[in-house]
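These notes concern the structure reproduced below.
The values are calculated or read from the model by the stated rules, or taken from the named source; none is laboratory data. Just so it is clear, the structure is predicted and the values come from calculations on it, not from any experiment. Cβ sites come from the backbone with ideal geometry, for glycine too, and all protein chains shown count toward neighbours.
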Amino acid sequence: MNIEQISNNILIAEFMGIEQIDIDTWLENNSELQYHKNWNWLMNVIERIEQNELIDVDILQYGTIIRTEHKDIINNVANMSFTNKIEHTYDAVIKYIKQI
């Protein structure tokens, strides 16, 4: 896992309500946040996002869209080359969290 994934996973953990974690603590404890590679972890985040009834997350074959009733908040369909669904879903979640 690279430093960007570590930072992004910490960002997601904080969004999920886990106490603030810094990278040094993460490295010292050798914890592994698995949002970037585990659907169970990532789907918990999707469900948290969708607790706001005005927001919908659509996971498609070639991208993920996070939208309100009339507007796409995040639309990464075909914007990048993704190798699998979890990769583009993770990317959309990170972009969404950074915007709120």
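Within segment 28-58, the set of residues being within 17 Å of Glu87 (Cα to Cα), of a type in the set (A, V, I, L, M) and at pLDDT 95 or above comprises Leu42, Met43, Val45, Ile46, Val57. Of all residues in segment 49-100, those being among the basic types (Lys, Arg) and under 11 Å from the mean Cα position of the chain (by Cα) number 2. Among the residues of segment 1-21, those identified as surrounded by 10 or more Cβ atoms within 10 Å (Cβ to Cβ) and in a loop (DSSP other than H, G, I, E, B) are Met1, Met16, Ile18, Ile21. Among the residues making up segment 22-46, those that are at negative phi and not in a helix (DSSP H, G or I) are Asp22, Ser31, Glu32, Leu33, Gln34, Tyr35, His36, Lys37, Asn38.
Quick check on segment 48-62. Is at least one of its residues surrounded by 12 or more Cβ atoms within 10 Å (Cβ to Cβ) and part of a helix (DSSP H, G or I)? The answer is yes; a qualifying residue exists.
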